[in-house]
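What follows is one structure encoded as structure tokens, with my remarks underneath.
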Amino acid sequence: APTLFARAGYRLVAEGDIWQHLRVSGTEFVAGYLMAVGVAIPLGLAIGWYKRLYFCLGPFVDALNAVPRVALLPLIVIWFGIGIWSKIVVVFLGAVIPLLINTFSGVKITEARFLKVAHSFGASELRIFRTIVLPGTVPFIFTGLKYAAGRALLGVVVGELYAATAGIGYLINVAGSSFQTDTVFVGILCITAVGVASVELLNRLERRFDDWRPKIESGP
């Protein structure tokens with residue numbers, strides 16, 4: 001019953017156990033996600049803009065996208081241990097690929113007629129990239145950011161289910177093993193709340209770019 005979930009949540013808050021789990025999972029999520037953003041957006045823009053770089057790195061991106069990150073967990077734990085860094089790496093790998101693919105896909109579908117007009121007026125490559133390519137890629141970047149946030153949360157939970165001593169995933173795993181369904185739902189609701197809040201924050205941030213992006217005038 002929902003009242004049991006509320007009681008379990010109140011108990012975890014009153015005892016203080018939930019705060020440690022939230023702190024650990026939050027650190028893993030924020031660190032891994034920000035690392036993915038810092039790598040995926042610049043690299044995605046470069047791969048989409050430079051054809052040679054796309055031909056060199058494209059196959060590796062596709063291969064890494066095809067490999068389930070869960071299959072890499074044993075290797076990641078061996079390399080980084082069962083501490084926080086192994087979970088950060090899992091979060092990073094889960095978030096970086098969708099964001100990377102969305103970013104360079106947005107660059108590659110830039111309309112050729114815009115580029116031809118800019119070249120005909122003698123615009124430099126840097127100006128073309130800054131005024132045409134980058135604004136047109138913004139919707140794809142934010143789509144990738146939203147999708148990557150979900151993949152990052154999945155990485156947090158999966159990493160903590162596999163090897164951890166704290167975190168929301170660890171809480172769900174321990175509660176599930178002892179058939180504490182109410183506590184399991186508390187953990188699930190915590191993850192869901194973070195996911196919804198992350199997407200809403202990204203939506204508000206995206207709306208700030210509406211005035212910056214070029215508008216397409218409607219016909220008569």
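Some values worked out for this structure:
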{"item": "Any hit, segment 198-214, residues being modelled with pLDDT under 80, among the hydrophobic types (A, V, I, L, M, F, W, C), open to solvent by 80 Å² or more (accessible area, probe 1.4 Å) and assigned to a helix (DSSP H, G or I)", "result": "no"}
{"item": "Pairs with Cβ under 6 Å, 6+ apart, first in segment 190-210 and farther than 14 Å from Ser25 by Cα and touching a residue at least 12 places away in the same chain (Cβ under 8 Å), second assigned to a helix (DSSP H, G or I) and not hydrophobic (A, V, I, L, M, F, W, C)", "result": "Val199/Lys146; Leu202/Lys146"}
{"item": "Options Ala40, Ala31, Ala36, Ala46: the member that is over 18 Å from Ala149 (Cβ atoms) and not acidic (Asp, Glu)", "result": "Ala46"}
{"item": "Selection from segment 53-91 of residues that are within 20 Å of the chain's Cα centre (by Cα), small (Gly, Ala, Ser) and open to solvent by 30 Å² or more (accessible area, probe 1.4 Å)", "result": "Ala63, Ala66, Ala71"}
{"item": "Boolean, Phe92 is in contact (Cβ under 8 Å) with a residue 40 or more places away in the chain and among the aromatic types (Phe, Trp, Tyr)", "result": "yes"}
{"item": "Those residues of segment 11-48 which are part of a helix (DSSP H, G or I) and more than 22 Å from the chain's Cα centre (by Cα), in sequence order", "result": "Arg11, Leu12, Val13, Ala14, Glu15, Asp17, Ile18, Trp19, Gln20"}
{"item": "Close pairs (8 angstrom Cβ cut-off, 6 or more residues apart or separate chains): more than 27 Å from Asn102 (Cα to Cα) in segment 62-88, acidic (Asp, Glu) anywhere", "result": "Ile84/Glu28"}
{"item": "Residue selected from segment 161-181 under the condition among the aromatic types (Phe, Trp, Tyr) and in a helix (DSSP H, G or I), by the criterion least open to solvent (accessible area, probe 1.4 Å)", "result": "Tyr170"}
{"item": "Residue check for Ile82: within 28 Å of Cys190 (Cβ to Cβ) and not in a helix (DSSP H, G or I)", "result": "yes"}
{"item": "Test result for Pro139, closer than 21 Å to Val107 by Cα, open to solvent by less than 30 Å² (accessible area, probe 1.4 Å) and either in a helix (DSSP H, G or I) or in contact (Cβ under 8 Å) with a residue 12 or more places away in the chain (or both)", "result": "no"}
{"item": "Residue within segment 19-34 that is touching a residue at least 40 places away in the same chain (Cβ under 8 Å), open to solvent by 70 Å² or more (accessible area, probe 1.4 Å) and on the phi < 0 side of the Ramachandran plot present", "result": "yes"}
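The values are calculated or read from the model by the stated rules, or taken from the named source; none is laboratory data. Because the structure is a prediction, the values reported are computed rather than measured. Reconstructed Cβ throughout: ideal geometry from the backbone, glycine too, with neighbour counts over all protein chains shown. Surface areas here come from the heavy atoms of the whole protein model, side chains and all, with no ligands, DNA or RNA. Shrake-Rupley method; radii C 1.70, N 1.55, O 1.52, S 1.80 Å.
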